[in-house]
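Novice: The following block contains the structure, expressed as structure tokens.
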Amino acid sequence: MRSLLFFTFFLMMVTGCSVTTYNRTITHGKIENSDIVITADDKSFVLKGDFTSPFQSSTLYNSLEMPDRYLPQAYRQALHHGAKHVRIKTPTSDKELFGVLALDKADDEGVGPSTQSYKIILPQAYIDAAKNGKISVVYEYYKLKNDGIIDVGNIKERSWILWLSDQDVFR
């Protein structure tokens, strides 16, 4: 009897806790600067201005599992989870940048506009930081709803991530 009571309590606790589920597909996006063009290395897609997502990856790097300081080298895992090799054309350079782009699904418990669409912004400081073979990382994040059991309000989920460099360091 005691083990049945313990088992019932265990089931109630497990089924009552929220589970992270990344199954909200994000189908649309926008590159804020219309002069920036992101092209797949294999030429399978070109992103400029408003776009329909050509793929969905599953890197799912949140700030708890992958703090910002580890992101520059995380492109390797992202490629294994569906991220794509890309080239980035910017209005401030004649030379294209190399990159890796992850366009992820959103967590069902995510809140905010970046769970509905991608808004890709490439600040000039990040473009400038991608010189001499250095890797610069830009992303957009959203927060999770607190379920009252576990405080997840400070965890940042990333909806898209773009690694960029002026040299092809991503191979």
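Novice: How big is the range 22-165 in terms of Cα radius of gyration and Dmax, in angstroms?
Specialist: Spelled out, the Cα radius of gyration and Dmax of the range 22-165 are 14.8, 52 Å.
Novice: Taking only DSSP H segments of four or more residues, each worth -39500 (n - 2.57), what value at 222 nm results for the chain once the sum is divided by all its residues, to the nearest 500 deg cm²/dmol?
Specialist: Details: 3 runs with 27 residues, N = 171.
Result for the chain, helices only: -4500 deg cm²/dmol.
Novice: Rg and Dmax of the range 86-158 over Cα atoms: what are they, in angstrom?
Specialist: 15.7, 52
Novice: Taking θ as phi - 60°, what are the ³J(HN,Hα) couplings along the range 66-75 by the Karplus curve (6.51, -1.76, 1.60), each to the nearest whole Hz, with x for Gly and Pro?
Specialist: Result, rounded to whole Hz: 9, x, 3, 5, 9, 4, x, 9, 6, 4.
Novice: For an R0 of 25 angstrom, estimate the FRET efficiency from the Cβ-Cβ distance between Tyr126 and Asp50 and round to the nearest 0.05. Before the final figure, lay out the partial values.
Specialist: On the way: r = 22 Å, r/R0 = 0.86.
With a Förster radius of 25 Å, E is 0.70.
Novice: Apply the Karplus curve 6.51 cos²θ - 1.76 cosθ + 1.60, θ = phi - 60°, to the phi angles in the range 24-31 and return the couplings in whole Hz, x for Gly and Pro.
Specialist: Using θ = phi - 60°, the values come out as 8, 5, 9, 9, 10, x, 8, 8 Hz.
Novice: If you don't mind, there's one more thing I want to ask. Once both axes come from the Cα atoms, what is the angle between helix 2-16 and the longest principal axis of the chain, in degrees from 0 to 90, rounded to 10?
Specialist: That helix lies at roughly 30 degrees to the long axis.
Novice: Kirkwood Rh, the range 23-65, all Cα pairs: how many Å? Working shown, then result.
Specialist: Details: mean 1/r = 0.0827 Å⁻¹.
Value: 12.1 Å, from the Cα pair sum.
Novice: Give the long-range amide H neighbours of Lys134: residues separated by 5 or more places, or on another chain, with amide H under 5 Å away, using H modelled in the peptide plane at 1.01 Å from N.
Specialist: Asp166
Novice: Determine the dipole magnitude for the chain: charges of +1 sit on the beta-carbon of Lys and Arg, -1 on that of Asp and Glu, nothing else is charged, the reference point is the Cα centre, and the result goes in debye to the nearest 20. Walk me through the intermediate numbers first.
Specialist: Values: 20 positive and 20 negative charges, 41 e Å.
Roughly 200 debye, rounded to the nearest 20.
Coordinate-derived values only; no laboratory data. The structure presented is a predicted model; accordingly, all values stated were derived computationally and were not measured. When we count neighbours, we look across all protein chains shown, and the Cβ atoms used for this are built from the backbone with ideal geometry, even at glycine.
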